[in-house]
Amino acid sequence: MGKTVSVKDLIRNKDKKNKLMLKAERTIPFILFALASISILTTVGIVSTLLYETFLFFREVSIIEFFTNTNMKPLSRVEPSFSILPLLTGTILISLVAMLVAIPIGLTTAIYLSEYASESVRKAVKPIIEVLAGIPTIVYGFFAFTFVTPILREFIPALQSTNALSPGIVMGIMIIPLVASLSEDAMNSVPKAMREGALALGATKLEVTLRVVIPAAISGIIASFVLGISRAIGETMIVTIASGSSKNFTFDITQSMQTMTAYIVEVTSGDAGAGTTAYYSLYAVAFALFIFTLLMNMFAGHISRKYREAY
Amino acid sequence: MSSLSISTELPLKKETTEQVNKTVVYDTKNLNLWYGNNHALKNINLPMYKNEVTAIIGPSGCGKSTYIKTLNRMVELVQNVRISGEILYREKNIFDKEFRVEELRTRVGMVFQKPNPFPKTIFDNIAYGPRIHGIKDKKILKEIVEKSLRGAAIWEEVKDRLHENAYGLSGGQQQRLCIARCLAVEPDVILMDEPTSALDPKSTLKVEELIQELKENYSIIIVTHNMQQAARISDKTAFFLNGEVIEYDDTDIIFSTPSDKRTEDYITGRFG
């Protein structure tokens, strides 16, 4: 009789051995906290470096001039001048072209996959779309420069060999999977019961999609757009290769333009010596880029909260 | 309300099943349905009448939900469904190519097991149906919303919060809101798939009272797990078992003198 072991005893005996486990249980939160702080510390480090070097830059160049002047000649020996406007218009215009491609195509793809495609089609198509996301950006840049630009020049003879249009389009193609995949996830997580409710009222599939599913998923959809925009603003390789390095202040997308990111590449790749004004300008531009994406994300957060239909 | 008595022994009505001059709203003829290889509905024949409450009872998996979803063709949202036979709605076969499914669903409303309001305001929930059918005039929409909410006996509770999100309502209120949403397109028939199974007893009572009132203007077909509920609110009851209709008769008869042994076993709680 004494040989039968009760579960109760087993559990109690194990408890005694587990003092060590208890100690570990108490220390684990600290370890987790320490690891989690790495990313916070990195952010703080980056921001403070940016701030400091930007401060140094603005001791030499007036901040008003930086934002109002339209001449960007950082390496001119005669009369260097610094202005972020050409880079800002370059970034905004190319991102705009990219989003004009990515949003309509990405969203319709998401609608098709989530509302119309059969399960088997969706399972086949989704991985293929996601392959697009895995292509290195240098390949996209090359594709824009050697393939898309020549084709576009057949239709638009005025197009320069490096221009804003072609990298914009290719960047849009690159962002499609991001928009499609995230929007599709958002739409897919709208409960089926809601679609049924609308269908049972005599709604067509399109009416269900446009008036029930999309409004219910809107915060996720907007989040996908914003991630797409942030991606476009931060994208470097495609524009470095295909949009050239001219720092003209222009709104003509057939011309060569430089984005903020491409400018940083150009300056860091050795044209400006450390400690020169041109070198510090890099930080000012990087800081502007940082603020730009930050504002973008905050704006998106606001929009998606405002239009959110919580279910 | 006398019809709310819990007893299943309702006094026998004088009329029998052989009523002649009632309008048939739904007539199911030789209906068979398969999910893949699973023969879910077997040779169903059921006439259903205007301004009556028809209850469909039976144990889980007997096909009662499948059947009610076939009546407005919602069942076709499931993949691999195959249907043979016909269902006549007001003498038109609902599977006919000429009969648009959206038209059918506009005339035949549905209330689901779990309340499924849209994540919109109370007003927009009710106005959704009229809006998709092209009604844009704000004044008319307002009237429809009030009328529908009154019709579903929820107006007094929500009239001051029409522009708040419907998800702030309690479960029972949400279900009555869904009934109101369905009334807003002025249907002819209302299908209810276990409309009170997710509700507490008090809300259930309210919905049952509402069904009694709605009967004046609508024909109602209700699937229920709750036999007392069927006894309390329905005029006719169909007993489903393993995809077949075992018995279909006046509710009084089904609950007092069923002719099939299996019906009797089920309603007396011997299985199910």
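Taken together, the values in this text are just the output of simple stated rules run on the coordinates, not laboratory data. Being a predicted model, the structure only gives us computed values, none of them experimental. Every residue, glycine among them, receives a Cβ derived from its backbone with ideal geometry; neighbour counts consider all protein chains shown.
Taking a span of 15 Å or more along the helix axis (Cα atoms) and a mean Kyte-Doolittle hydropathy of at least -0.5 as the rule, the DSSP H helices of chain B that qualify are B:122-132, B:171-183, B:201-214. Under 5 Å from the amide H of residue B:192 lie the amide H atoms of B:111, B:221, B:222, B:223, each residue being 5 or more positions distant or on a separate chain, with H modelled from the backbone and absent for Pro and chain starts.
Basic side chains Lys and Arg get +1 at the Cβ, acidic Asp and Glu get -1 at the Cβ, and with that the dipole of region A:7-60 about its Cα centre reaches some 760 debye. Distance distribution P(r), the protein assembly as shown, all Cα-Cα pairs, bin width 10 angstrom from 0: 3, 13, 18, 16, 13, 13, 12, 7, 4, 1, 0, 0 percent. Once C-alpha pairs closer than 8 Å and six or more residues apart are averaged by separation and normalised to the residue number of chain A, the relative contact order reads 25 percent. Think of it as helices only: each DSSP H run of n ≥ 4 in chain B is worth -39500 (n - 2.57), and spread over all residues that comes to -9500 deg cm²/dmol at 222 nm. Considering only alpha-carbon pairs that sit under 8 angstrom and 6 or more positions apart, the relative contact order computed for region A:1-148 is 9 percent.
Per-residue Karplus couplings for region A:183-194, computed as 6.51 cos²θ - 1.76 cosθ + 1.60 with θ equal to phi - 60°, are listed in order as 5, 5, 4, 5, 6, 5, 7, 6, x, 4, 4, 5 Hz, Gly and Pro entered as x.
Sorted on the mean count of surrounding Cβ atoms within 10 Å across their residues, most packed first, peptides B:38-48, A:119-129, B:187-197, A:153-163 read B:187-197, B:38-48, A:153-163, A:119-129. Under a 5 Å amide H cut-off, with hydrogens placed 1.01 Å from N, residue B:95 pairs with B:87 among residues at least 5 apart or on other chains. A DSSP coil position with no more than 16 other Cβ atoms inside 10 Å describes the following trypsin sites (Lys or Arg not before Pro) in region B:96-136: B:97, B:100, B:136.
Counting only other chain Cβ atoms within 10 Å of each residue's Cβ, the peptide B:91-102 averages 1.
Each residue of region A:90-100 was assigned a 3J(HN,Hα) from its phi angle through the Karplus expression (A = 6.51, B = -1.76, C = 1.60, θ = phi - 60°), giving x, 4, 5, 5, 5, 5, 4, 4, 4, 6, 5 Hz with x at Gly and Pro.
Taking every alpha-carbon pair within region B:188-265, the share separated by more than 15 Å comes to 58 percent.
Look at the stretch A:204-212: the mean tally of other chain Cβ atoms within 10 Å of its residues' Cβ atoms is 3. Only Lys, Arg, Asp and Glu carry charge here, each on its Cβ (+1 for the first two, -1 for the last two); on that basis region A:85-306 has a dipole of about 440 debye about its Cα centre.
When shorter helices are ignored and each DSSP H run of at least 4 residues is given -39500 (n - 2.57), the per-residue value for chain A at 222 nm works out to -23000 deg cm²/dmol. Placing unit charges on the Cβ atoms of the charged side chains and taking the dipole of chain B about its Cα centre, the candidate lying farthest along the positive direction among B:110, B:49, B:226 is B:110. Using all pairs of distinct alpha-carbon atoms, the Kirkwood hydrodynamic radius of chain B works out to 19.2 angstrom.
In nm, give the distance between the simple-model label positions of residue B:86 and residue A:63, each being 7 Å from the Cα along the Cα-to-Cβ direction. Here the modelled spin labels are 8.1 nm apart.
Rounded to 0.05, the FRET efficiency of the residue B:135 and residue A:277 pair, given R0 = 56 Å and the Cβ-Cβ distance, is 0.25. Distances between placed amide hydrogens fall under 5 Å for residue B:247 paired with B:239, all partners being 5 or more residues away or on another chain.
Sorting A:176, A:94, A:46 by the number of Cβ atoms found within 10 Å of their own Cβ, with the fewest placed first, yields A:46, A:176, A:94. With Cα atoms as the point set, the radius of gyration and Dmax of region A:7-60 evaluate to 23.5, 77 Å. Fewest-first ordering of A:251, A:225 by other beta carbons within 10 Å of each residue's beta carbon gives A:251, A:225. Hey, with R₀ at 22 Å, roughly what FRET efficiency would residue A:294 and residue A:246 work out to, going by the Cβ-Cβ distance, to 0.05? Result of the calculation: an efficiency of 0.20. Radius of gyration over Kirkwood radius for chain A, both on Cα atoms: the Rg/Rh ratio is 1.14. Summarising the strand pairing of the protein assembly as shown, around 60 percent of its internal DSSP beta bridges are antiparallel. Counts of other chain beta carbons within 10 angstrom of each beta carbon in peptide B:109-120 average 5.
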